[in-house]
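One structure is given here, and the rest of the page talks about it.
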Amino acid sequence: MAVIRAATEADVPLILRFIRELAEYERLAHEVAATEEILRETLFGARRYAEVVIAEEEGEAAGFALFFHNFSTFLGRPGIYLEDLYVRAEMRGRGTGRALLAHLAALAVERGCGRLEWWVLDWNEPAIRFYHSLGAQPMDDWTVFRVAGDALDRLSAEGAFRGTRWSTVRTESNAGNGLHPLRTVRSGRGRPPRRRRRDGAPRAATLRMSAGRLIPPHPDQPTMALSPYLRALRDHVGSMRLLLPSASATIRDGDGRLLLVRQRDSGIWSTPGGMIEPDENPADAVVRETWEETGLLVSPRRVMAVWGGPGFVVRYPNGDEVQYVIIAFDCEIVGGELRVDEEETVEARFWSHEDAAALPLSPWLPPVLAAHYAADAPQFVPPAWRPRA
């Protein structure tokens, strides 16, 4: 007889194994992106999004059920939605699946729920017959809709700029890990604040680079604002040069003009962009930086160019030295409204190639502009290295 118990954090490897076995059975193994780390955070973290029970036969794990609460407005009561029900092949035929469903039904009654619901694949005839035997009724009048991937991103872009307020909150999962002490979330109206260090200093410094020589930053910016990650590196290596990745957005309007932003401290113009933070996808970095600096939500279409080398070095007055590798993304606008943040940028405009050439530009920008406006321009700094004879 199956014994049903609540899962604990120690069961995460077992839960992931069951998820993968179920996906194999349902011919959906290619869709599984869950990891032990993700499950540990979402099932047993500060905010738990679902519950799991484990079925055991003579002390051996036989199956599991993963579920969470939904809500019926018609009933005015919560329900239980069963996301996954799985029994290992060698354990089937012993009543384990029925025991799991009976356990969930008892929980639903105990918690005052009006319904217990789940999905089943149309081709899974054995499961359908089993569910019918329990008195479950198919909802033939209803069709399931799902928004995911690019469609979800496009739809969320509309919501992000229609009466959404942003606030910065601390989360237990990332506090103290030295990487991301703050996380920005939507909660109302307006625009997201600039991310800042724990001591209140701006999150990132403006990039200033020049071919073949070191360019000091503006006097009003005596040091580079350090994230916890960079601070930890500096504690180990002092002022020696650090190689840091960054992302830059090339954004064109309908006339082919390029979007540039003017920096508050120096007055120079550059493309939107900034440093790629630890654990951050470069494409996410360019989307985040562009949104923070211009109010535009963009979708990266391709990597347009990659730049680096001695011309992309910054030495700060305190002696800290940084060399940037810039990934330039060709981006399209998918939402938002052009504006400046008034902290790092004070103006944002689209410029033609001729007009942009007359502006005071970031020293590293001309080769990026050349790559943008000329189809046959190099998309990287041409190699000079050759093996020794």
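The values are calculated or read from the model by the stated rules, or taken from the named source; none is laboratory data. Source: prediction; values computed, not measured. Heads up, the Cβs are rebuilt from the backbone with ideal geometry, glycines too, and the neighbour counts pull from every protein chain shown.
Before moving on, here are some points about what is shown:
- Test: Ala33 is more than 22 Å from Ala105 (Cα to Cα) and within 28 Å of the chain's Cα centre (by Cα): yes
- Criterion (under 17 Å from Ile15 (Cβ atoms) and surrounded by 12 or more Cβ atoms within 10 Å (Cβ to Cβ)) met by exactly one of Ala102, Ala61, Ala136: Ala61
- Qualifying residue in segment 34-55 (condition: out of contact with any Ser or Thr (no Cβ under 6 Å at 6 or more places or on another chain), more than 30 Å from Asp279 (Cα to Cα) and surrounded by 13 or more Cβ atoms within 10 Å (Cβ to Cβ)): yes
- Top-ranked residue in segment 5-33 [being at pLDDT below 95 and over 17 Å from Val87 (Cα atoms); ranked as surrounded by the most Cβ atoms within 10 Å (Cβ to Cβ)]: Val32
- Some residue of segment 341-364 being in the same structural domain as Gly267 (by TED's automatic domain parsing), of a type in the set (Val, Ile, Thr) and at pLDDT 80 or above: yes
- Within segment 308-324, restricting attention to residues that are at pLDDT 80 or above and in a strand (DSSP E or B), the residue that is nearest to the chain's Cα centre (by Cα) is Tyr324.
- If you filter segment 1-50 down to residues that are in a loop (DSSP other than H, G, I, E, B) and among the small types (Gly, Ala, Ser), you find that the one that is farthest from Ala62 (Cα to Cα) is Ala46.
- With respect to the stated conditions, Ala108 is in the same structural domain as Tyr49 (by TED's automatic domain parsing) and surrounded by 17 or more Cβ atoms within 10 Å (Cβ to Cβ).
- Tally, over segment 139-151, of residues that are within 24 Å of Glu24 (Cα to Cα) and either free of Cβ contacts under 8 Å to residues at least 12 places away in the same chain or not in a loop (DSSP other than H, G, I, E, B) (or both): 5
- Exactly one residue out of Arg98, Arg94 is part of a loop (DSSP other than H, G, I, E, B) and not aliphatic (A, V, I, L, M), and it is Arg94.
- Among the residues making up segment 269-284, those that are within 15 Å of Leu359 (Cα to Cα) and in a strand (DSSP E or B) are Trp269, Ser270.
- Members of segment 345-356 found to be of a type outside the set (Phe, Trp, Tyr) and surrounded by 14 or more Cβ atoms within 10 Å (Cβ to Cβ), listed by number: Thr345, Val346, Ala348, Arg349, His353, Ala356
Conditions tested, residue by residue: (1) surrounded by fewer than 15 Cβ atoms within 10 Å (Cβ to Cβ); (2) part of a helix (DSSP H, G or I); (3) among the aromatic types (Phe, Trp, Tyr).
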position: Asp235; (1), (2), (3): yes, yes, no
position: Gly254; (1), (2), (3): yes, no, no
position: Leu259; (1), (2), (3): no, no, no
position: Gly267; (1), (2), (3): yes, no, no
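- Sub-8 Å Cβ pairs linking a first residue in segment 105-128 that is assigned to a helix (DSSP H, G or I) to a second residue that is loosely packed, with under 13 Cβ neighbours inside 10 Å, at least 6 apart or interchain, are Ala127/Leu121; Ile128/Pro138, ordered by first then second residue.
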